[in-house]
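*Asks:* What follows is a structure written as structure tokens; I'll ask about it next.
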Amino acid sequence: GKTEGWKAEHGVASSAGYGSKIDAYHPAGFVVDFKCKDFGATKKARIKGVEIEVPTKVEDFIYPEHTEQLAAYAHALADMGAQPVAGLVKVANIFISTRDPGLVMLYEHDPEETHWGWTACQGRLAAWQGSNKYRSGFYRE
């Protein structure tokens, strides 16, 4: 079936020193994070002082932290041997409307965006470890 092989709410621990639960992933190289958000198929916009309805774009929902989160998941899975090398993994956010039942929007992060998300994530982790004087990493046997 279409859901065969997918894992949901899967816990991961990276030897870099972080862990989490992943909403969904497939060992063939897919990582997905679901976000519930209040949105509809259209939104209000003001053009030259006139309010109009325009189509909602999924790009309006994306923040750098979304990319960092998915990149961290992909690296943790690769670190655990549960997925291919992180750079070969496709990562995506699926936004679920809390306003319009059945309305969902998919945003697939491109590989370069994911690469830079991972770089930013490593920086945040190092900053946290430095601020807390705590090395949270470990070595796998």
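*Asks:* For L106, state whether it is hydrophobic (A, V, I, L, M, F, W, C) and either open to solvent by less than 80 Å² (accessible area, probe 1.4 Å) or in a helix (DSSP H, G or I) (or both). Write out each step before concluding.
*Replies:* On the way: hydrophobic (A, V, I, L, M, F, W, C): yes; either open to solvent by less than 80 Å² (accessible area, probe 1.4 Å) or in a helix (DSSP H, G or I) (or both): no.
It is false that L106 is hydrophobic (A, V, I, L, M, F, W, C) and either open to solvent by less than 80 Å² (accessible area, probe 1.4 Å) or in a helix (DSSP H, G or I) (or both).
*Asks:* Starting from residues that are among the aromatic types (F, W, Y) and surrounded by 12 or more Cβ atoms within 10 Å (Cβ to Cβ), keep the ones in the range 109-139 and report whichever is modelled with the lowest pLDDT.
*Replies:* Ranking the candidates gives W128 first.
*Asks:* So which residues in the range 111-135 are free of Cβ contacts under 8 Å to residues at least 12 places away in the same chain and part of a helix (DSSP H, G or I), if there are any at all?
*Replies:* Residues satisfying the conditions are E112, T119, G123, A126, A127, W128, G130, S131, N132.
*Asks:* If I filter the range 50-96 down to residues being polar (S, T, N, Q) and either modelled with pLDDT under 95 or over 17 Å from the mean Cα position of the chain (by Cα) (or both), which single residue comes out as farthest from F34 (Cα to Cα)?
*Replies:* This residue is Q83.
*Asks:* Give just the number: which of (1) in contact (Cβ under 8 Å) with a residue 40 or more places away in the chain; (2) open to solvent by 30 Å² or more (accessible area, probe 1.4 Å); (3) aliphatic (A, V, I, L, M) does A74 not satisfy?
*Replies:* Going through the list (1) in contact (Cβ under 8 Å) with a residue 40 or more places away in the chain; (2) open to solvent by 30 Å² or more (accessible area, probe 1.4 Å); (3) aliphatic (A, V, I, L, M), A74 breaks only (2).
*Asks:* What residue, of E68, E108, is acidic (D, E), in contact with a helix residue (DSSP H, G or I) (Cβ under 8 Å, 6 or more places away or on another chain) and without any contact (Cβ under 8 Å) to a residue 60 or more places away in the chain?
*Replies:* After applying the criteria, what remains is E68.
The values are calculated or read from the model by the stated rules, or taken from the named source; none is laboratory data. Computed from a prediction, not measured in an experiment: that's the story for all the values here. Reconstructed Cβ throughout: ideal geometry from the backbone, glycine too, with neighbour counts over all protein chains shown. The accessibility values were calculated without ligands, DNA or RNA, using every heavy atom of the protein model including side chains. Shrake-Rupley method; radii C 1.70, N 1.55, O 1.52, S 1.80 Å.
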